[in-house]
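J.: Pasting in a structure now, in structure tokens, and then I'll have a few things to ask.
The values are calculated or read from the model by the stated rules, or taken from the named source; none is laboratory data. In this text the structure is predicted, and so the values were computed from the model without any measurement. Neighbour counts are summed over all protein chains in view; Cβ atoms, including those assigned to glycine, are modelled from backbone coordinates with ideal geometry.
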Amino acid sequence: MLEFLRKRAQSIFIQAIVVIIALVFIFWGVGTNLMNKQEAAIVVDDEEISFQEFQQAYDQAYARLAQQFGGTVPKGLAENLNIKQQVIGQLTQEALLRQGGQEMGIMVSSREIQDEIESMVQFQDNGSFDIERYRTILASNRLSPEKYEQSLRYELLGNKTIENIGAFSQVATDFEIEELYNLEKETVSVAYVVFDPDNYLDEIKISDDELATWYEANGDRYKTEKKVKLGYLPFLYEDIGARIAVEEEEISSYYDEHLTEFQVPEKRRARHILFRAAPDDPDGIHQQQLAKAEQILEKAISGADFGELASQHSEGPTAATGGDLGFFTKGQMVEAFNDAVFSMDSGEISEVVKTDFGYHIIKLEEIQLGGVTPIENAKERIISALQLEQAKPMAFQLANSAYEEIIGAGSLASYLDQEADARLVETDYFTRSNPPAGVVSDPAFLDRAFELQENELSSIIETGEGYVIITAQAIMDPQTPALSEVRDRVEQDFRTEKAADAAKADAEQLIAATAEEGSSFDQAVQDRGLAILESGPMLKNDPDHSSDFPPALVSDAFRLTRSAPVTSEPGVVDNSYFVYRFDQRKPPEITMSDAERERYKELLLQFKQQNILDAWLRNRQAEADIRIHKSLENF
């Protein structure tokens with residue numbers, strides 16, 4: 001997608017557009033519940049969007065979400081995020097963009113499509129467009145050139161439409177740039193008081209009646225976890241693989257075919273002395289650190305013990321071990337450091353080497369040459385790999401056969417009576433948070449085990465260790481224990497809650513006192529014997545926030561003014577309550593550089609162009625005749 005969209009990735013609409021057009025190849029949903037529908041899923045004015053197009057977009061969105069969670073979407077997350085509605089909105093807005101572009105007279109020529117395709121690295125071989133590669137990749141993704149090029153035409157039309165709409169805003173004035181810079185770089189200072197619940201704990205008194213009443217209302221917090229007692233039939237790769245004999249010929253073939261797996265890279269062991277200097281540190285710091293490095297280098301070359309020099313002068317974490325970095329392979333260190341080490345001879349000391357960490361003096365201590373692990377040393381590893389490879393399909397076959405026999409026998413018990421070699425492994429009661437070791441602790445095993453009803457048999461379950469068939473022999477539902485069983489925990493929680501209530505009440509009382517006529521924040525704090533803390537100057541967005549004032553409350557502090565100097569309600573961070581008063585606001589102390597001016601100008605233009613685009617789309621959407629097929633309500 002064009003640079004315009006990438007720069008506007010914060011917009012909800014642009015995020016939706018990028019989601020669909022960032023992928024060059026369309027992910028086709030197979031066997032889904034809408035693919036065979038003939039009616040349109042969405043109609044935008046006279047343009048129809050098919051159920052197939054909706055399904056494709058939905059599958060893409062779902063797959064991307066799953067990728068963020070390791071391949072599986074957590075239960076209920078897709079519904080909570082309302083993926084369906086996001087996809088409907090995305091497809092609708094794409095259609096509005098295309099239609100708007102056509103009405104403006106915007107066109108995409110065949111030459112533009114050809115240039116775009118030829119520029120895509122996916123279709124290139126050695127830097128040049130390859131027509132056969134193009135056709136092969138499209139075919140493997142179930143796309144014809146005509147269909148793909150039409151989708152690309154739509155994409156480019158949308159791009160051009162966005163560019164044309166954005167062109168209506170091309171000016172960011174100096175006043176606007178200065179104002180944005182001042183807003184980002186100005187600082188605010190506050191005076192504040194902290195009400196820490198820990199300071200109230202000793203004041204909390206507990207009566208039996210009060211505790212019993214509190215526990216009656218909050219007893220669900222102390223419910224025991226659900227417990228299950230299981231039996232399962234294991235078909236584990238390790239067990240099955242151990243019974244598989246591997247021939248010498250197989251071992252030799254595997255070794256020859258996977259020779260790269262047995263290559264051992266060269267390793268080098270080095271020491272270094274570091275004088276820290278970050279890339280954005282002033283030139284004076286760099287010059288000072290370089291001079292120190294050169295001075296110590298002279299001592300190292302003159303024969304001083306390198307390890308002792310590192311212990312005395314290095315500013316890196318390895319100073320305690322004489323600068324010893326241990327063994328590492330090529331590419332593990334930053335480029336300049338790596339290049340120096342792997343061009344040195346054993347015992348050699350480098351010149352001063354500059355990296356983003358600062359200035360290094362390096363001594364190469366030892367070289368371990370690379371090579372290939374002999375087949376004799378790799379034999380056990382190869383046998384294990386071959387056994388696992390052969391055990392996987394065998395494990396499924398055995399599990400599948402057992403499952404069919406259980407169904408045929410009418411019950412697991414009958415199957416076990418008939419199969420003398422079958423082994424049912426039984427567990428004691430356990431909770432999901434504390435399962436027995438081994439295959440039982442596998443997430444796939446636990447997911448299914450805790451879904452089963454008592455005496456229910458699972459289907460075949462694949463785990464990381466093999467396949468299992470589970471039966472729930474007994475289930476112990478969560479229960480609320482008697483207060484006497486958990487009294488210590490309850491008392492602690494009761495005391496903590498009441499202390500927090502007391503801290504909050506005192507914070508609110510301080511705010512109320514400052515609102516009284518003739519009262520001041522300082523006087524109200526002094527009357528209560530509290531300590532006033534000072535935040536010092538704070539930026540609105542500062543990744544290196546150094547003040548003790550919580551970063552989470554800084555944006556609220558910037559809302560305070562001299563006319564309304566005290567926060568209207570306590571800020572809460574880590575269970576502590578904060579009351580704060582405006583102290584002073586200062587403009588930036590550093591003049592804006594030319595590079596910063598260009599950056600702020602670009603930000604303003606992006607913001608303006610995005611606002612125009614969003615307004616244009618809202619207007620188009622309000623005037624468009626948009627119809628959503630009723631079946632999508634149940635999708």
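J.: Is there any pair with a first residue in the stretch 329-342 that is under 14 Å from residue 266 (Cβ atoms) and touching a residue at least 40 places away in the same chain (Cβ under 8 Å) and a second that is in a loop (DSSP other than H, G, I, E, B) and among the aromatic types (Phe, Trp, Tyr) whose Cβ atoms are under 7 Å apart and which are 6 or more apart or on different chains, and what are they?
T.: Every condition considered, the pairs that remain are 330/342.
J.: Does residue 188 satisfy the criteria of being touching a strand residue (DSSP E or B) at 6+ places or on another chain (Cβ under 7 Å), of a type outside the set (Phe, Trp, Tyr), over 30 Å from residue 480 (Cα atoms) and modelled with pLDDT of 95 or more?
T.: Against the criterion (touching a strand residue (DSSP E or B) at 6+ places or on another chain (Cβ under 7 Å), of a type outside the set (Phe, Trp, Tyr), over 30 Å from residue 480 (Cα atoms) and modelled with pLDDT of 95 or more), residue 188 qualifies.
J.: Still on this structure, I have one more. Give the stretch 312-336 a look and list any residue that's farther than 21 Å from residue 287 by Cβ, of a type in the set (A, V, I, L, M, F, W, C) and in contact with a His (Cβ under 9 Å, 6 or more places away or on another chain), or say none.
T.: 319, 325 - these are the residues of the stretch 312-336 that are farther than 21 Å from residue 287 by Cβ, of a type in the set (A, V, I, L, M, F, W, C) and in contact with a His (Cβ under 9 Å, 6 or more places away or on another chain).
J.: Just to check your reading of the model, which residue among 293, 304, 310 is on the phi < 0 side of the Ramachandran plot, in contact (Cβ under 8 Å) with a residue 60 or more places away in the chain and not assigned by TED's automatic domain parsing to the domain that holds residue 544?
T.: After ruling out the rest, the residue left standing is 293.
J.: Here's another thing I want to ask about it. Can you list the helices (runs of 4 or more DSSP H) lying wholly within the stretch 39-104 that have 2 or more residues being within 25 Å of residue 617 (Cα to Cα) and assigned by TED's automatic domain parsing to the domain that holds residue 160?
T.: Once the helices (runs of 4 or more DSSP H) in the stretch 39-104 are filtered for at least 2 residues that are within 25 Å of residue 617 (Cα to Cα) and assigned by TED's automatic domain parsing to the domain that holds residue 160, what remains is 51-68, 83-103.
J.: Which of (1) in contact (Cβ under 8 Å) with a residue 24 or more places away in the chain; (2) in a helix (DSSP H, G or I); (3) surrounded by fewer than 18 Cβ atoms within 10 Å (Cβ to Cβ) does residue 170 not meet, given it meets every other one?
T.: (2)
Yes or no, residue by residue, for (1) buried (at least 17 other Cβ atoms within 10 Å of the Cβ); (2) within 30 Å of residue 512 (Cα to Cα):
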site	(1), (2)
543	no, no
565	no, yes
573	no, yes
580	yes, yes
585	no, yes
601	yes, no
625	no, no
632	yes, no
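J.: Then there is this: Given the residues 278, 320, 270, 293, which is the only one that is closer than 16 Å to residue 355 by Cβ and loosely packed, with under 12 Cβ neighbours inside 10 Å?
T.: 278
J.: Within the stretch 510-536, how many residues turn out to be free of Cβ contacts under 8 Å to residues at least 12 places away in the same chain and closer than 15 Å to residue 196 by Cα?
T.: Qualifying residue count, the stretch 510-536: 1.
J.: Output the number of the condition that residue 105 fails; it satisfies all remaining conditions of (1) more than 19 Å from residue 632 (Cβ to Cβ); (2) within 31 Å of the chain's Cα centre (by Cα); (3) loosely packed, with under 12 Cβ neighbours inside 10 Å.
T.: Unmet condition: (2).
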